1. Does LEU28 count as touching a strand residue (DSSP E or B) at 6+ places or on another chain (Cβ under 6 Å) and touching a residue at least 60 places away in the same chain (Cβ under 8 Å)?
2. Do we have ARG192 as surrounded by 15 or more Cβ atoms within 10 Å (Cβ to Cβ), basic (Lys, Arg) and either in the same structural domain as GLU22 (by TED's automatic domain parsing) or in a helix (DSSP H, G or I) (or both) here?
3. For PRO371, which of the numbered conditions (1) assigned by TED's automatic domain parsing to the domain that holds GLU154; (2) closer than 21 Å to ALA257 by Cα fails to hold?
4. Which residues, counting only those in segment 1-48, are among the β-branched types (Val, Ile, Thr) and assigned to a strand (DSSP E or B)?
5. How many residues, within segment 305-328, are in contact with a strand residue (DSSP E or B) (Cβ under 8 Å, 6 or more places away or on another chain), within 24 Å of ALA33 (Cβ to Cβ) and at pLDDT below 95?
6. Among (1) within 26 Å of the chain's Cα centre (by Cα); (2) touching a residue at least 24 places away in the same chain (Cβ under 8 Å), there is one condition LEU130 misses while meeting the rest; what is its number?
7. Are any residues in segment 287-316 farther than 27 Å from ALA159 by Cβ, crowded, with 19+ Cβ neighbours inside 10 Å and of a type in the set (A, V, I, L, M), and if so, which ones?
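The values are calculated or read from the model by the stated rules, or taken from the named source; none is laboratory data. Worth saying up front: this structure is predicted, and the values here are computed from it rather than measured. Backbone-built Cβ (ideal geometry, glycine too); neighbour counts: all protein chains shown.
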Amino acid sequence: MPLPTTAHLAARHGRIHQALDELSLGALVVTAAANVRYLTNHAGSAGVLVLTRDAAHLLVDFRYREAVERLQASAAACPDLRVWDVPASYDEALLGCLQEIGATVVGFEAAHVTVARHDWWQRNTQGRQLGIGFRPTERVVERARIVKDGSEIETLREAARRLDAVAEAALGAVRAGVSERQVAAAVEAAMREAGYERPAFDTIVASGPHAALPHYRAGDRMLAAGDLVVLDFGGVLDGYCCDVTRTVSIGPPSPEARRLYTAVYDAQQAALAAVRPGVETSAVDAAARQVLEARGLGAAFGHGTGHGLGLDVHEEPRITRPRADVPSVPLLPGMVFTIEPGAYLPGFGGVRIEDDVLVTETGCDVLTAVPRELVSL
């Protein structure tokens, strides 16, 4: 997939420049790897970005200098980029950069900077009388990332499309007498074959009573006749994450298993029908939750209905009940997130059905095409 172009990056920078003005900051220090990549296309495991209104200052060590130079010679070049060498310490190089460019009021990503690192910045700027003041910021780049641009949507569509082949391999591996780990290994081999860089998270294969544990990891249990099996997997394609969950039955499902599955399926359909511009994220969650509550399964649904997808597998927007730390936001075209209601009965098992959706001007596109029917294997 092609990288975001210089024009895409320039538009992203523009949104951060607006935030700098609103927060009265001269510069923003970006340390979260996903945020550095979003603003520069630099995908290395190390790097610090200092974004000002007139330049993007990227600090990298020798491991990444050649890769950055190649990027800058391509259509994916970062606009107004100045590359700074890091001979030893990133923090020493950062203070040198800030001093040379004359930054005095500097924001930093509070959620991504340790207390120890911040203390080191403070001690050394004050001790050297550099005249730099650091101010914590929250979600400046994350808020910009919440609406995907054309480049991101193209990649997310392709990432979701490739899950079809992975799901086929997963269903082919599920049968009585094999272990959860064996199924997970088949899923992850299929992801490599499909061209994903890596799994987006630890593959979940939860069988029988384990299916009542929403974030269970594949273990040594052998799948058995009568089990419900929750299969939750996703891959990373060109940095972007996809995520799908299907629940299958080993042999004919019991009446209780079918009741549980039908309720979750109907809850997901209600949530999908609620997705359109202007609707609050909490209203989408409520649409799913109301169905399960009406079926006597409200207490069995303890997590949110979905989460944003992008450079992180869990990002904004959060499709959940409103909380002080996760405010509800109105949906906008270009948002991409999961819809994944579930119901979990301890000692029996559980059901979750998850798809990736894109908010459009009139509703939503479901990006994942894996069939949702309860399959008996």
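1. Yes; evaluated as a whole, the condition is true for this residue.
2. no
3. Of (1) assigned by TED's automatic domain parsing to the domain that holds GLU154; (2) closer than 21 Å to ALA257 by Cα, only one is false for PRO371: (1).
4. Within segment 1-48, VAL29, VAL30, VAL48 meet the criteria.
5. Here the count works out to 1.
6. (1)
7. Within segment 287-316, VAL291, LEU292, LEU297, ALA300 meet the criteria.
Yes/no matrix, rows are residues, columns are (1) at pLDDT 95 or above; (2) buried (at least 23 other Cβ atoms within 10 Å of the Cβ); (3) among the aliphatic types (A, V, I, L, M):
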| site | (1), (2), (3) |
| --- | --- |
| ASN35 | yes, yes, no |
| TYR38 | yes, yes, no |
| ALA43 | yes, no, yes |
| LEU58 | yes, yes, yes |
| PHE62 | yes, no, no |
| ALA67 | yes, no, yes |
| ALA77 | yes, no, yes |
